Every structure is written in structure tokens, then in C-alpha cells.
1. Among the residues of the range A:135-148 satisfying the criterion of being facing chain B (nearest Cβ under 7 Å) and closer than 21 Å to B:Arg261 by Cβ, which is surrounded by the most Cβ atoms within 10 Å (Cβ to Cβ)?
2. Output the qualifying pairs, or none if there are none: Cβ atoms under 6 angstrom, residues six or more apart or on different chains, first residue in the range A:1-24 and more than 16 Å from A:Gly52 (Cα to Cα) and of a type in the set (Ser, Thr, Tyr), second residue part of a strand (DSSP E or B) and within 15 Å of ligand 1 (Cβ to nearest atom).
3. From the list B:Ile353, B:Ile386, B:Ile398, which residue is over 23 Å from B:Arg63 (Cβ atoms) and modelled with pLDDT of 85 or more?
4. Quick one: is B:Asp192 surrounded by fewer than 17 Cβ atoms within 10 Å (Cβ to Cβ), under 23 Å from the mean Cα position of the chain (by Cα) and of a type in the set (Asp, Glu)?
5. Residue check: is A:Gly42 of a type in the set (Gly, Ala, Ser), under 13 Å from the mean Cα position of the chain (by Cα) and either away from ligand 2 (no atom under 16 Å from the Cβ) or away from chain B (no Cβ under 14 Å) (or both)?
6. Looking at (1) away from chain B (no Cβ under 14 Å); (2) within 15 Å of the chain's Cα centre (by Cα); (3) β-branched (Val, Ile, Thr), can you tell me which one A:Thr174 breaks?
7. For B:Gly136, state whether it is touching a helix residue (DSSP H, G or I) at 6+ places or on another chain (Cβ under 7 Å), on the phi > 0 side of the Ramachandran plot and either at pLDDT below 95 or not assigned by TED's automatic domain parsing to the domain that holds B:Phe215 (or both).
8. State whether one or more residues within the range A:47-62 are assigned to a strand (DSSP E or B) and under 23 Å from A:Gln91 (Cα atoms).
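The values are calculated or read from the model by the stated rules, or taken from the named source; none is laboratory data. Since the structure is predicted, the reported quantities are computational estimates derived from the model, not experimental observations. Note: ideal-geometry Cβ built from the backbone for every residue, glycine included; neighbour counts use all protein chains shown.
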Amino acid sequence: MEPILNIKNLTMKFGGLTALNSVDIAIKKGEIAALIGPNGAGKTTLFNCITGIYEPTEGDVQITPPGKPTDSLNGLKPNIVTERGLARTFQNIRLFHGMTVLENVMIGRHCRLKSGILGAMFKPKSQKLEEQQAVADSYEILEKIGLEQFVNEMAINLPYGAQRRLEIARALATNPFLLLLDEPAAGMNPQETKELDDLIIWLRDNENVSILLIEHDMKLVMSLSDNIHVVDYGKKIAEGTALEIKNNPIVIKAYLGDESEDA
Amino acid sequence: MITKNEIKQSFFLSMWAIILTFPLMVIKVNTIKNIVIFRWWNILYVAIGAFVASLLWNYLLRRKEEGAKKDTKDSIPIVHRLLQNQKFRLPFLATIGVIALVYPFVTPMYHTSIMISALVYVILGLGLNIVVGLAGLLDLGYVFFYAIGAYAYALLNLHFGISFWIVLPLSALLGALFGTLLGYPVLRLRGDYLAIVTLGFGEIIRIVLENWVEFSNGPRGIRNIPGPDSFGIELTQHQSVIYIYFIIIAVCLITIFFVQRLENSRIGRAWIAMRDDEIACQAMGIDKTKTKLTAFALGATWAGLAGVIFAAKTSYINPMSFTIWESITILCVVVIGGMGSAVGVIAGALVLILLPEYLRAVAEYRMLVFGALQVVVMVFKPEGLIEAVRKTYKYKKIKE
Ligand SMILES: Nc1ncnc2c1ncn2[C@@H]1O[C@H](COP(=O)(O)OP(=O)(O)O)[C@@H](O)[C@H]1O
Ligand SMILES: [Mg+2]
């Protein structure tokens with residue numbers, strides 16, 4: 001079967017710095033894949049290249065949404081990429097602070113709704129129904145993610161862990177077939193991390209989404225991932241199951257090297 | 001309560017103020033007799049004034065910090081609490097309605113006329129609030145669209161005798177059109193850059209109007225613009241002021257109605273998302289280009305309307321009515337009233353426009369007072385007089 005996301009030969013240069021160096025990654029349907037690597041390896045840059053926030057210097061990003069033909073994402077704007085069914089969260093939380101929790105999720109629904117200016121001003125029946133449906137759908141998503149008690153709170157007033165979950169809820173609201181999570185457990189306590197672990201598996205099993213996540217919490221990565229991709233200095237150095245990666249000498253060297261630099 | 005340190009700081013500040021204002025407040029040159037007069041007493045006033053102001057400033061800052069430490073989550077402004085409470089909502093609105101209704105009949109014409117000016121700013125403020133308050137695009141050239149509306153009515157009426165009632169909706173469309181046109185070139189700009197470029201556009205329209213004499217009659221302006229068409233009924237001067245008053249009340253209500261709907265619609269949410277985080281908003285599937293253009297267009301619409309009413313009310317317009325200061329006044333209305341808050345903007349317009357009219361002392365130093373107010377608001381209440389409150393939703397399950 002075609003991979004749902006196929007990254008081929010992706011290179012991203014910032015002036016003299018090669019943040020990504022011909023990276024190939026393929027994600028299969030229904031998979032939870034992890035992208036790991038030391039800080040500054042280029043993981044976030046890869047997400048930005050896939051989602052159209054950066055335009056890669058070279059390479060192809062192809063998607064094959066379930067039940068649809070293969071399609072290229074090269075050169076598309078971020079909002080079009082999202083329309084095609086890829087949704088992401090951010091390493092440094094980027095919620096809309098001036099809105100309530102529910103409205104944040106409703107922003108996720110935006111690209112699946114139609115109502116325009118005249119619809120907003122004159123509120124015909126179709127628009128009213130659409131709006132009601134959007135509220136209902138968004139509320140349902142909040143229930144699934146376990147944030148329903150915060151519906152009408154301002155997003156900025158949420159506790160940290162809840163803000164991270166809200167980012168996932170918002171991404172889920174765009175109806176993606178692939179979720180890209182950038183360090184979703186960063187800053188969470190062990191209890192919150194455990195809940196996140198359950199949530200990610202639940203999403204894959206019940207919401208029909210595949211997941212690619214960047215994560216530093218190795219315990220979480222090892223327990224969740226079907227497949228792990230390792231990058232270091234912009235190059236992909238390994239791929240495999242948790243067990244394979246754990247025992248891969250190249251990976252160990254990359255991480256130990258990283259640690260000895262820190263020390 | 002007041003610490004020693006604060007007193008010391010205020011003392012030095014007042015010394016500094018004395019030195020700073022010495023040439024202005026103390027020295028006075030009489031050029032006729034060629035003598036210099038020293039007004040030493042003024043030192044005392046400056047010193048005491050600066051000292052007290054500084055103490056007050058410190059005191060208020062401290063109070064604000066103490067207030068922030070407490071839980072301020074449910075500090076919803078009183079107006080919003082009145083509006084949200086089912087029991088008070090209707091009486092509250094009814095009271096305002098009755099006051100608005102009897103106002104022109106119980107007050108002299110002069111007051112009605114001033115109120116009309118203030119209400120023009122309510123419309124302008126609500127329009128600019130879409131661009132600045134909701135979409136977060138700092139537009140310093142808003143007067144552009146105001147001028148378009150005013151000149152559209154003046155010229156169309158002068159040359160073709162087209163009625164107020166036809167130009168009014170037309171000017172809304174013209175505003176939207178020019179909003180889109182102006183939006184295109186500035187799409188890639190944000191923040192300070194956007195402010196500078198829009199400021200330029202605002203000045204361009206004034207310069208064009210001043211110099212394209214065949215088109216706009218240049219600096220002499222256009223005279224004898226008729227008031228709103230009253231369908232053949234003869235009105236005295238007082239009656240026609242009342243007539244315009246009710247027209248503008250109606251247009252205000254329409255503006256409030258539509259702006260409120262827009263704010264809580266799919267489009268309005270996209271504006272706020274773009275304001276809060278441009279990258280995240282695109283990543284959530286929102287088309288940035290479209291969102292910016294709709295904000296510019298729908299903001300400009302109301303300025304077009306306001307321009308027509310302004311021209312009909314004053315019966316005389318010239319390019320000097322549309323300077324950068326006009327844009328800044330409208331911006332002050334939005335920022336001081338409360339960015340993104342319709343209720344705040346309405347209150348802001350009434351306070352900022354009515355105050356200088358009634359307090360002549362304020363009128364002379366209008367821009368100085370606005371500037372000072374702006375600083376005070378930014379420091380003590382950055383969300384404005386009446387802060388924005390988002391709509392809350394009740395969840396109803398929809399049957400499949
Ligand atoms: N917009 C940018 N401009 C210049 N350099 C960048 C930019 N974004 C990322 N980089 C660089 O690319 C490298 C990879 O960064 P990043 O993808 O954020 O790493 P991480 O794997 O920790 O997410 C870093 O050296 C970073 O400084
Ligand atoms: Mg990163």
C-alpha cells in the first residue's frame with residue numbers, strides 16, 4: 001500500500017546552514033511514528049517544510065489520503081496543506097489567547113465550513129445550522145480530548161497540560177488523516193504524560209488518524225511508536241522499531257555525543 | 001502607604017520637571033519692550049504638580065500590581081454583566097433607547113448637533129475596530145475611506161443630483177471596494193510597516209483632494225451639500241438636525257447589529273485568530289490573504305457610510321476634514337475604548353468626542369489629552385475602558 005505521507009530527498013537550507021539534508025521518510029496508514037533526534041537536529045524544521053510554513057530548498061512531499069489518489073504538497077500554502085488533511089501542533093504552544101477554548105476548536109473547523117461575509121451578516125438558515133453544527137462538533141471534540149469542563153474559559157487561563165491538549169483538539173477539528181505533534185509532552189508531569197499516551201493511542205484507534213510525533217520523552221516514544229525515525233544534524237541516521245532503535249549503535253552514538261557536548 | 005522611596009523619587013522628578021519646563025514656564029520674552037520677564041511663581045506650580053502627579057502614578061501602579069495578584073478571572077466589566085443578565089438586559093437597553101429617543105427633543109439644537117458628531121465617531125470606531133481591534137492590523141490611514149464616502153456624496157450630488165438615500169448604500173460598497181484595493185498592496189506587511197504604509201495612503205488621499213482641483217474643487221472644498229432628502233417635506237433647521245440625528249441613530253444600530261454578527265461568525269473568529277497568531281491561524285486552515293482583505297473591506301464599509309452622513313450634516317467639506325489627525329482620533333477611540341470590544345468603542349467615542357466639546361479647556365489641548373489618556377490606559381488598563389468579552393456558547397446536542 002502507498003504510504004500516506006512520503007517525504008523524498010527533502011533538503012532545507014538557511015543560508016549556509018543545512019537544517020535538513022536529503023531526508024526520506026514514509027508514514028503508513030494507521031501508524032504511530034516518532035521522529036527523534038538531539039536538539040537542533042531539524043525535527044521542527046521538517047514539520048515546517050511538510051506543512052508549508054517553510055518552502056524546502058529541494059525535495060518532494062507527497063500524500064495519499066485514504067481513498068484518494070496520490071498528491072504533491074510542494075509549494076502549497078499552509079492553509080491548503082491543512083485542507084488536504086494534515087494538521088499539526090506547535091512545540092511552543094500557539095493558542096489563540098483572545099478566544100475561548102471552544103472558539104479555538106471552532107477555528108480548527110474553519111476550513112470545513114462555508115459561510116462567508118453575507119452569510120455572517122444576514123444569517124440565513126443554512127448558516128445558522130452550519131454554526132450550530134460547528135459548535136456541536138467542537139464540543140464533541142473537547143469531550144473526546146477531556147477538556148469539556150473548560151468550554152467557555154479563555155484559552156490563556158488553562159493549565160499548561162490542558163493547553164497542550166487543546167492544541168491537539170484544535171488540530172483534530174480540521175479533520176486530518178495525519179496528525180503532526182511537535183513535542184506534545186514537553187513540560188508535562190508524569191501523570192499528564194501518561195494521559196497523553198492513552199489519548200494518542202485512542203486517537204489512532206478511534207479517530208482514523210495516523211500520527212507522526214516529535215518527542216524527547218524516550219519512555220513515551222518507545223511505548224507508543226510503531227516506527228521510529230532518527231535524525232541528527234539534518235540527516236536521517238536510522239529507522240526502525242523501538243527495540244531496533246534502542247540497540248542501534250549509530251543512534252546511541254548520536255545521543256551520547258550530544259550528552260557529552262552538554263556536559 | 002506611600003514609601004519614603006516614592007517620595008524621594010517624586011521629589012527628583014519634580015526637580016527635573018522644573019529644569020525641563022524652565023524656558024517655557026518661567027521665562028517670558030516681551031518682544032515689544034525687549035525685556036525678559038521671569039515668572040518665578042510658576043516654578044512652584046510645576047514642582048507641586050509634578051510631585052503630586054508622580055506620587056499618584058506610583059500609587060496607582062502599586063494598586064494595579066496588587067490587584068493583579070488577586071484572582072481577576074471573573075472581573076467582567078459591569079456593562080457586559082448587565083447585558084448578559086437576562087433580568088437586566090432588557091431594562092438596560094430600554095433605558096438607553098428611551099434616552100436616545102427623547103434626547104433631541106429635550107436638549108437644545110446645539111447638543112443634538114454635537115451628539116451627531118459623536119455618533120459619527122461611533123460608526124467610525126466600530127469600523128476601525130474590525131481592522132485594528134479584531135484583525136490586529138494597525139491601520140493609520142482609515143480616514144481614506146471616510147473621505148471617499150464624504151466626497152462620493154458631495155460630488156455625486158453636485159454633478160448628478162443623486163439623493164442621499166442612494167449614495168448611502170453606494171458609499172458602503174465604495175468603502176468595501178477601496179478597502180480591498182488598499183488591502184492588496186499591504187497584504188505582506190504587518191505591525192509598524194503596515195502602520196507606516198497605511199499612514200501614507202491616508203495622506204495621499206488628502207493631497208490628491210487638495211491638488212486635483214477640477215475633480216474635488218481643491219482646498220476650497222465643496223459647499224452647500226444638501227442634507228438627507230426628506231421626501232418633499234419642508235423642514236426647519238432644527239427639524240432637519242433632529243432628522244439627521246435619527247438617521248445616524250438608525251445607521252449606528254445597523255452598524256452595531258452587523259458588526260456584532262460579524263464578530264461572532266466564522267469570519268470574525270478568523271480575524272481574531274489572525275490577530276492572536278498568524279502562523280497558527282494559517283496552520284489551522286485559514287487563508288491569510290482572504291482574511292486580511294475581508295477585514296480591510298468590512299472595516300472600510302462603515303467609514304464610507306460615516307463619510308456620507310458627515311457630509312450631509314456639515315453641508316461643507318474640504319480636504320482639511322480628512323487629515324492624519326482624524327485617523328488618529330478614531331484610533332484613540334478604539335484603543336482607549338477597548339480593542340475588539342464593540343461596547344468599549346461606543347463608550348470611547350462618546351467620551352472622547354463629547355468631552356472636548358463640553359470642556360473647552362480640554363478642547364485646546366485635545367491631542368495632548370488623548371496622548372496622555374492613551375499612556376494611562378496602556379499602563380493601567382491595556383484592554384481599554386470596557387474590555388472585550390467573548391461569546392459563550394451553550395451546548396445543545398444536534399440530533400443526527
Ligand atoms: N527560520 C530559521 N532560520 C534560520 N535557521 C533556522 C530556522 N529554523 C530553524 N533553524 C535552524 O535549523 C536547525 C534545526 O532546528 P529545529 O528544526 O528547530 O531543531 P529541532 O530538531 O530541535 O526541532 C537549528 O540549527 C536552527 O537554528
Ligand atoms: Mg523542535
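1. Taking the range A:135-148 as the starting set, the residues that turn out to be facing chain B (nearest Cβ under 7 Å) are A:135-136, A:139.
With the extra rule that they be closer than 21 Å to B:Arg261 by Cβ, the set shrinks to A:135-136.
Details: A:Val135: 21, A:Ala136: 15.
Looking at the filtered set, the residue picked out is A:Val135.
2. Once the first residue is more than 16 Å from A:Gly52 (Cα to Cα) and of a type in the set (Ser, Thr, Tyr) and sits in the range A:1-24, its partners that are part of a strand (DSSP E or B) and within 15 Å of ligand 1 (Cβ to nearest atom) give A:Ser22/A:Thr11.
3. Checking each option against the conditions leaves just B:Ile353.
4. Values: surrounded by fewer than 17 Cβ atoms within 10 Å (Cβ to Cβ): yes; under 23 Å from the mean Cα position of the chain (by Cα): yes; of a type in the set (Asp, Glu): yes.
Answer is yes for this residue.
5. Values: of a type in the set (Gly, Ala, Ser): yes; under 13 Å from the mean Cα position of the chain (by Cα): no; either away from ligand 2 (no atom under 16 Å from the Cβ) or away from chain B (no Cβ under 14 Å) (or both): yes.
So A:Gly42 does not fit the description; no.
6. Among (1) away from chain B (no Cβ under 14 Å); (2) within 15 Å of the chain's Cα centre (by Cα); (3) β-branched (Val, Ile, Thr), A:Thr174 violates only (1).
7. Working: touching a helix residue (DSSP H, G or I) at 6+ places or on another chain (Cβ under 7 Å): yes; on the phi > 0 side of the Ramachandran plot: yes; either at pLDDT below 95 or not assigned by TED's automatic domain parsing to the domain that holds B:Phe215 (or both): yes.
Yes; evaluated as a whole, the condition is true for this residue.
8. Narrowing the range A:47-62 to residues assigned to a strand (DSSP E or B): A:58-62.
Next, only the ones that are under 23 Å from A:Gln91 (Cα atoms) stay: A:61.
For the range A:47-62, residues assigned to a strand (DSSP E or B) and under 23 Å from A:Gln91 (Cα atoms): present.
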